[in-house]
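Colleague: Submitted below is the structure of interest, expressed as structure tokens.
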Amino acid sequence: MNELNGVNLVAQLMAVSAVTAPKSQGVNYVQVKIIGGEDLNRIGEAMKAYGQKSGKGHFDRDGENIANSDALVLIGLKNAAPCSLDCGACGFTRCQDLIQKEPVEVEFRGPICAYRLIDMGIALGSAVKTASLHNVDSRIMYRVGVAVRDLGLVDWDLVLGIPLSVSGKNPYFDRK
């Protein structure tokens, strides 16, 4: 088995970890998608272009990371209904107010129930734990989510990416 086969297997195991991670009220709105091959270059280029267009920093650096990755695991939320707790953590007094709020779309679509965001965070943590257990380098990145939405690779409300690499040095932390 070569390293790329191993990375793809770990990406699949990461998807299993994200899907089976605990969810609020036992309801799953977490989405998972694995990307590889030429799409990694396309995403990397889109990230660089977005950084230049928006004037936001580090899209070029992270885009280079994505282009040089072996695989990418996307984890996000789509149409996540509030938990109906009326807790106020989302910034609204009642969950009904969040539901009736006109959606805001900048880089991502919101508002989103805080408990559903926690669900996504637990799924992300479970996925990177799986990568770590198998000694595959990874890093959770927000910027890749902006690019995959812009490219139409996902239609999720919120998405973060976890690039994967097997090399002598972790390219996601040992960078300039």
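Colleague: For the structure I just gave you, tell me whether Met47 is in contact with a Lys or Arg (Cβ under 7 Å, 6 or more places away or on another chain) and part of a helix (DSSP H, G or I).
Modeller: So Met47 passes the test.
Colleague: So, Ala71, is that one of a type in the set (A, V, I, L, M), over 16 Å from the mean Cα position of the chain (by Cα) and within 27 Å of Tyr29 (Cα to Cα) or not?
Modeller: So Ala71 fails the test.
Colleague: Can you tell me which residue within the range 91-116, out of those that are assigned to a loop (DSSP other than H, G, I, E, B) and free of Cβ contacts under 8 Å to residues at least 12 places away in the same chain, is surrounded by the most Cβ atoms within 10 Å (Cβ to Cβ)?
Modeller: This residue is Arg94.
Colleague: Continuing with this model, one more query. Scan the range 61-77 residue by residue and report those that are surrounded by fewer than 16 Cβ atoms within 10 Å (Cβ to Cβ) and in contact with a Lys or Arg (Cβ under 7 Å, 6 or more places away or on another chain).
Modeller: Of everything in the range 61-77, just one residue is surrounded by fewer than 16 Cβ atoms within 10 Å (Cβ to Cβ) and in contact with a Lys or Arg (Cβ under 7 Å, 6 or more places away or on another chain), namely Arg61.
Colleague: Conditions first: (1) outside any helix (DSSP H, G or I); (2) touching a residue at least 24 places away in the same chain (Cβ under 8 Å); (3) of a type outside the set (D, E, K, R). Gly63 passes all but one, so which condition is the exception?
Modeller: The number of the failed condition is (1).
Colleague: Mind checking which residues of the range 135-156 are assigned to a loop (DSSP other than H, G, I, E, B), crowded, with 22+ Cβ neighbours inside 10 Å and within 12 Å of the chain's Cα centre (by Cα)?
Modeller: Passing the criteria: only Trp156.
Colleague: Answer yes if at least one residue in the range 139-146 is more than 21 Å from Lys53 (Cα to Cα) and modelled with pLDDT of 95 or more, and no otherwise.
Modeller: Yes, some residue in the range 139-146 is more than 21 Å from Lys53 (Cα to Cα) and modelled with pLDDT of 95 or more.
Colleague: Follow-up. Can you work out which of the residues in the range 14-50 that are among the small types (Gly, Ala, Ser) and either over 26 Å from Ile112 (Cβ atoms) or without any contact (Cβ under 8 Å) to a residue 24 or more places away in the chain (or both) is surrounded by the fewest Cβ atoms within 10 Å (Cβ to Cβ)?
Modeller: Filtering the range 14-50 for residues that are among the small types (Gly, Ala, Ser) and either over 26 Å from Ile112 (Cβ atoms) or without any contact (Cβ under 8 Å) to a residue 24 or more places away in the chain (or both), the one surrounded by the fewest Cβ atoms within 10 Å (Cβ to Cβ) comes out as Gly26.
Colleague: Continuing with this model, one more query. For the condition of a type in the set (Ser, Thr, Tyr), touching a helix residue (DSSP H, G or I) at 6+ places or on another chain (Cβ under 6 Å) and within 18 Å of Thr20 (Cβ to Cβ), what is the one hit in Ser132, Ser126?
Modeller: Ser126
Colleague: Further question on the same structure: Looking only at the range 1-40, count every residue that is hydrophobic (A, V, I, L, M, F, W, C), under 18 Å from the mean Cα position of the chain (by Cα) and under 18 Å from Lys129 (Cβ atoms) and tell me the total.
Modeller: 13
Colleague: It is to be established whether one or more residues within the range 78-88 are crowded, with 19+ Cβ neighbours inside 10 Å, outside any helix (DSSP H, G or I), modelled with pLDDT of 95 or more and touching a Lys or Arg at 6+ places or on another chain (Cβ under 6 Å).
Modeller: Taking every residue of the range 78-88 in turn, at least one turns out to be crowded, with 19+ Cβ neighbours inside 10 Å, outside any helix (DSSP H, G or I), modelled with pLDDT of 95 or more and touching a Lys or Arg at 6+ places or on another chain (Cβ under 6 Å).
The values are calculated or read from the model by the stated rules, or taken from the named source; none is laboratory data. Given the structure is predicted, the values throughout are model-derived calculations rather than measurements. Because the Cβ atoms are built from the backbone with ideal geometry, glycine has one as well, and the counts that use them run over all protein chains shown.
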